[in-house]
Amino acid sequence: MSQGSAPYDMQIKLLMIGDSGVGKTCLLLRYANDSFSPTFITTIGIDFKIKNVDIDGTRIKLQIWDTAGQERFRTITTSYFRGAQGILLVYDVTDRRSFESIRNWISQIQQHADVHVNKILVGNKCDMTDEKVVSTEEGEKLANEFGIQFWECSAKNNINVDESFIGIGRAVKDRLVADGLGGPAPDKDDDEEENQNEEPEQVEWGVVEYYLLHTVWTMRAAIMILLLRLLALSRYLLAFHDNTITFYGILLQLWIGIEIDTDD
């Protein structure tokens with residue numbers, strides 16, 4: 001590779017979807033960072049990781065988007081379906097409801113994603129054999145029904161994590177190559193004059209939206225903390241003014257949707 005050429009031959013955008021708590025973030029962190037945390041932290045809106053891999057001799061830059069499973073983030077999540085080239089449908093083998101939700105997620109894909117998008121079904125937490133309620137046969141049957149790959153994984157014990165991501169990456173790569181959209185990245189030294197006339201690289205709007213989203217939620221959290229502190233201060237210094245406490249309680253209800261007991 002000559003100096004100035006791109007460090008990858010192909011860029012692929014993957015999307016992880018599934019109900020909240022199935023372990024999408026844990027799978028992503030295990031694959032991208034080889035790390036695991038047992039602490040459950042809800043994804044706010046969407047997050048992403050980058051991983052460069054070599055699949056069958058092709059250097060691929062994987063841009064992997066991790067989505068929130070809660071209903072309140074559904075509008076944000078579905079907005080990322082359109083640009084995805086591969087989608088990992090994740091369920092928890094110890095949670096039958098998350099498995100039954102896969103059909104709904106596939107319906108969302110059919111509505112919002114590209115018709116040719118590659119899909120893979122992933123059953124996470126396969127290490128928890130004593131609590132398993134969705135059998136391997138059920139997962140295989142559902143995957144065969146939709147004609148997609150199937151893997152049972154464990155982010156905790158690093159079982160089949162690499163295989164599932166490489167599997168979907170390879171499927172996307174093969175499709176893009178067959179469609180004539182693959183191939184090596186352009187080399188600046190091979191065609192210097194053409195590159196001088198190229199327009200500047202466009203901004204990845206998905207990345208911009210991600211940072212804007214997190215900025216908004218950070219500001220929201222800061223304001224919420226401020227309101228909580230004002231409410232606490234009011235209880236200590238203005239406890240005899242019931243109207244003041246009620247006022248801050250209403251603000252909190254409007255802002256974060258929780259009920260505050262204003263009665264002493």
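The values are calculated or read from the model by the stated rules, or taken from the named source; none is laboratory data. Since this is a predicted model, take the numbers as computed values, not measurements. Please note: Cβ atoms are built from the backbone with ideal geometry, for glycine as well, and neighbour counts cover all protein chains shown.
So the values come out like this:
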| quantity | calculated |
| --- | --- |
| Check on Val172, assigned to a helix (DSSP H, G or I) and either in contact (Cβ under 8 Å) with a residue 24 or more places away in the chain or outside the structural domain of Ala84 (by TED's automatic domain parsing) (or both) | yes |
| Candidate set from segment 1-18 (those that are at pLDDT below 90 and out of contact with any Pro (no Cβ under 9 Å at 6 or more places or on another chain)); member that is farthest from Asp179 (Cα to Cα) | Gln3 |
| Segment 136-192 - residue that is on the phi > 0 side of the Ramachandran plot and surrounded by fewer than 14 Cβ atoms within 10 Å (Cβ to Cβ) and, of those, modelled with the highest pLDDT | Gly147 |
| Residue match in segment 201-219 (condition: surrounded by fewer than 14 Cβ atoms within 10 Å (Cβ to Cβ), at pLDDT 55 or above and over 28 Å from Leu14 (Cβ atoms)) | yes |
| Test: residue in segment 85-93 that is touching a residue at least 12 places away in the same chain (Cβ under 8 Å), buried (at least 20 other Cβ atoms within 10 Å of the Cβ) and touching a His at 6+ places or on another chain (Cβ under 9 Å) | yes |
| Among (1) modelled with pLDDT of 90 or more; (2) buried (at least 18 other Cβ atoms within 10 Å of the Cβ); (3) of a type outside the set (A, V, I, L, M), the one test that Gly45 misses | (1) |
| Complete set of residues in segment 50-66 that are in contact (Cβ under 8 Å) with a residue 12 or more places away in the chain and either over 25 Å from Gly18 (Cβ atoms) or surrounded by fewer than 16 Cβ atoms within 10 Å (Cβ to Cβ) (or both) | Ile50, Asn52, Asp56, Thr58, Arg59 |
| Segment 94-122, residues that are basic (Lys, Arg) and free of Cβ contacts under 8 Å to residues at least 60 places away in the same chain | Arg96, Arg103, Lys119 |
| Exclusive hit being without any contact (Cβ under 8 Å) to a residue 40 or more places away in the chain and touching a Cys at 6+ places or on another chain (Cβ under 9 Å), set Lys156, Lys132, Lys125 | Lys132 |
| Members of segment 123-132 found to be surrounded by fewer than 14 Cβ atoms within 10 Å (Cβ to Cβ) and part of a loop (DSSP other than H, G, I, E, B), listed by number | none |
| Options Ile106, Ile120; residue that is part of a helix (DSSP H, G or I) and β-branched (Val, Ile, Thr) | Ile106 |
| Qualifying positions in segment 145-168 - assigned to a helix (DSSP H, G or I), closer than 16 Å to Phe99 by Cβ and aromatic (Phe, Trp, Tyr) | Phe146 |
